[in-house]
Amino acid sequence: MYAQMVQSTGKGVKSRAEMTEDERRFQDRVDAGEKIEPKDWMPEGYRRTLIRQIGQHAHSEIVGQLPEGNWITRAPTLERKAILLAKVQDEAGHGLYLYCAAETLGVSRDELTEDLLSGRMKYSSIFNYPTLTWADMGAVGWLVDGAAIMNQVPLQRTSYGPYSRAMIRICKEESFHQRQGYDIMLKMARGTPAQKRMAQDALNRFWYPSLMMFGPSDADSVHSAQSMAWKIKINTNDELRQKFVDQTVPQAEFLGLTVPDPDLKWNEERGHYDFSEPDWSEFFAVIAGEGPCNAERMAARRKAWDDGAWVREGLMAHAEKKRAAKVAAE
Amino acid sequence: MDENAALFEFLLRMGDNTLILGHRVSEWCGHAPVLEEDIALANTALDLIGQTQMWLGLAGEIEGQGRSADDLAFLRDAWDFRNLLLVEQPNGDFGQTMMRQFLFDAWHLPMLTMLAVGGHERIAEIAAKAAKEAAYHLDRSADLVIGLGDGTEESHARMQAALDLLWPYMAEPFEADEVDAAMTEAGVAPDPGTMRGAFMEKVGAVMDAATLTVPERRFAQTGGKSGVRHSEHLGHILTQMQWLQRAYPGAAW
């Protein structure tokens, strides 16, 4: 889940009586499971909410290159290096699909980038945590991509056509990412005592931040209610978090690792695991820019953008010269 | 020189070039000027690491001491590396990275093309596969050198500075030693000197289009492919690249 706490109209879902004729027709199409395409009429709130959500997701893919990029030059084998490169390349590709999907809503990639760099738009809180050992590459794939898939699989059915199609492509690659992460964890958990220690340490550090990826409980959120009515959000945050915990705990057991939650236990009656909530004050601090790596991540992205200005300008100038020469020749 | 020993050395040269350049290019991950370049740089690094697995894998087989591609990549010290000095040079700005890439590609593609029709079947197979990737790398790096050379005043100045900085490293690939002589004699690889013409022709055409000037020949920097004198940079690359394998000997990853 790379979009957290996406604000919608903030006004709650309109009743049919409150809707205009256009809005009613639009809602009927969404309810009937039709896809909304870029040229179709859509409420302004729908368009804006989608831009925020898709933009935040795209930014997460881009900033998300950094914690994993941190280990590419230190990957322990050629195969691991190749796999990690392929994965990070996929993520940049996901960013590209998503920016393209956002562009169909009338906002350019440059505008979205400026919004990220100025702090007006956010990216997922998870990428503000450091990757400290090689086992973190396993934990990121297993837990972070695992949590992302939980949200992205239902989003393949989202009402907005370009977003839905981007999600279908992305999901195919994400499941490979999660598998490679789990494979790293398996190797480490079955490895030397030092490797096992690294694996447990990675799980300890990434468990709660992964649970935070779904965002705080939104059962009472007017933003989420509107997004769900528009089918740009399919499940509540709590539903997805529960699903993630239920899926992940047996995987941790298979690895022989301990989930760092003394209150974690299977609840026979509910048919789900009971688990502790993450520290939401930490989550809000990270979202507000006070996480362990916020400053570094933003500085890295700003530096890439600023240092790259001469490259973008140079290539634009060259393209313009070529275009002018072609016109002159005709 | 014993042909097997020469073959081993030659394969290290091919594999160490792609390993070290792949490492350098991968340092860009997440820091490129535009998203498309992040993707393309990761893709280039990925190709180069894939080629490394093939070259060093074969080198280990030829050596016959039971060393794998990973053993060769992660457990040799700097003096046993056989890459060109060019590829261990720092990334610098994006222009310097792309100039280094172009100069390498403009040597690499014709080299691979010759190896693909050479007398060693396994080498020819690897080269044929790698040549497809190298052709794409060369198209891309040439386009970027042209676009940035013939772009703005600033991009032009940066590209000229990159060319001036890196040109002294471009004699090394064409100098022959006893390893090359043994490979040439065995019909495996071309005499490196014979490839200079095609290289200069490509460089000349691209630099013309890029409005850049190839510098007068200065003192040539050599010592990488012989391993006699690497730059100070290689030790730092290895410190990073080999760290896990060195810190946790014998662990499987």
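The values are calculated or read from the model by the stated rules, or taken from the named source; none is laboratory data. The structure displayed is predicted, hence computed values, not measured ones. Cβ placement follows ideal geometry from the backbone for every residue including glycine, while neighbour counts extend to all protein chains displayed. Accessible surface areas use protein heavy atoms only, side chains included; no ligands, DNA or RNA. Shrake-Rupley method; radii C 1.70, N 1.55, O 1.52, S 1.80 Å.
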- Task: For residue B:197, indicate whether it is more than 14 Å from chain A (Cβ to nearest Cβ), open to solvent by less than 40 Å² (accessible area, probe 1.4 Å), out of contact with any His (no Cβ under 7 Å at 6 or more places or on another chain) and free of Cβ contacts under 8 Å to residues at least 40 places away in the same chain.
- Result: no
- In the range A:253-301, residue farthest from residue A:127 (Cα to Cα) [restricted to those that are hydrophobic (A, V, I, L, M, F, W, C) and outside any helix (DSSP H, G or I)]: A:266
- Query: For residue B:159, which of the numbered conditions (1) surrounded by fewer than 17 Cβ atoms within 10 Å (Cβ to Cβ); (2) of a type in the set (A, V, I, L, M); (3) assigned to a helix (DSSP H, G or I) fails to hold?
  - Reply: (1)
- Message: With open to solvent by less than 40 Å² (accessible area, probe 1.4 Å) and within 14 Å of chain B (Cβ to nearest Cβ) as the only criterion, which of A:138, A:146, A:119 stands out?
- Response: A:138
- Can you name the helices (runs of 4 or more DSSP H) wholly within the range A:11-73 that have at least 2 residues being open to solvent by less than 50 Å² (accessible area, probe 1.4 Å) and closer than 30 Å to residue A:297 by Cα? A:44-63, A:65-72
- Exactly one of (1) open to solvent by 40 Å² or more (accessible area, probe 1.4 Å); (2) away from chain B (no Cβ under 14 Å); (3) in contact with a Ser or Thr (Cβ under 7 Å, 6 or more places away or on another chain) is unmet by residue A:224. Its number? (1)
- Message: I'd like the residue in the range A:171-220 that is open to solvent by less than 50 Å² (accessible area, probe 1.4 Å), under 25 Å from residue A:275 (Cα atoms) and assigned to a loop (DSSP other than H, G, I, E, B) and, out of all such residues, is nearest to the other protein chains (Cβ to nearest Cβ).
- Response: A:213
- Message: Against the definition (crowded, with 22+ Cβ neighbours inside 10 Å and aliphatic (A, V, I, L, M)), how does residue B:58 come out, yes or no?
- Response: no
- Residue hits (the range B:143-156; in a helix (DSSP H, G or I) and either open to solvent by 10 Å² or more (accessible area, probe 1.4 Å) or within 8 Å of chain A (Cβ to nearest Cβ) (or both)) are B:143, B:144, B:146, B:147, B:148, B:153, B:154, B:155, B:156
- Message: Checking residue B:226 against (1) assigned to a loop (DSSP other than H, G, I, E, B); (2) more than 10 Å from chain A (Cβ to nearest Cβ); (3) open to solvent by less than 40 Å² (accessible area, probe 1.4 Å): exactly one of these is not met. Which one?
- Response: (3)
- From the option list B:13, B:67, B:82, B:100, single residue qualifying as over 17 Å from the mean Cα position of the chain (by Cα) and among the basic types (Lys, Arg) is B:67
- Which residue out of A:259, A:286, A:327 is open to solvent by less than 90 Å² (accessible area, probe 1.4 Å), out of contact with any Phe, Trp or Tyr (no Cβ under 9 Å at 6 or more places or on another chain) and away from chain B (no Cβ under 14 Å)? A:327
- Looking at the range A:90-111, which of the residues that are more than 14 Å from the chain's Cα centre (by Cα) and touching a residue at least 60 places away in the same chain (Cβ under 8 Å) is surrounded by the most Cβ atoms within 10 Å (Cβ to Cβ)? A:101
- Message: Tell me whether the range A:38-54 contains one or more residues that are closer than 27 Å to residue A:213 by Cα and within 14 Å of another protein chain (Cβ to nearest Cβ).
- Response: no
- Message: Given the criteria closer than 17 Å to residue B:50 by Cα, under 16 Å from the mean Cα position of the chain (by Cα) and hydrophobic (A, V, I, L, M, F, W, C), does residue B:128 qualify?
- Response: no
- Query: residue A:164: polar (S, T, N, Q), within 30 Å of residue A:37 (Cα to Cα) and either touching a Pro at 6+ places or on another chain (Cβ under 6 Å) or part of a helix (DSSP H, G or I) (or both), yes or no?
  - Reply: yes
- Query: Across the range B:162-184, what is the total count of residues that are open to solvent by 50 Å² or more (accessible area, probe 1.4 Å), over 17 Å from residue B:96 (Cβ atoms) and part of a helix (DSSP H, G or I)?
  - Reply: 3
- Item | Filter result (at the interface with chain B (Cβ under 7 Å from one of its Cβ atoms) and open to solvent by 10 Å² or more (accessible area, probe 1.4 Å)) within the range A:80-89 | A:80, A:82, A:86, A:89
- Message: Kindly evaluate residue B:132 against the criterion of being more than 14 Å from every other protein chain (Cβ to nearest Cβ), open to solvent by 40 Å² or more (accessible area, probe 1.4 Å) and without any contact (Cβ under 8 Å) to a residue 24 or more places away in the chain.
- Response: yes
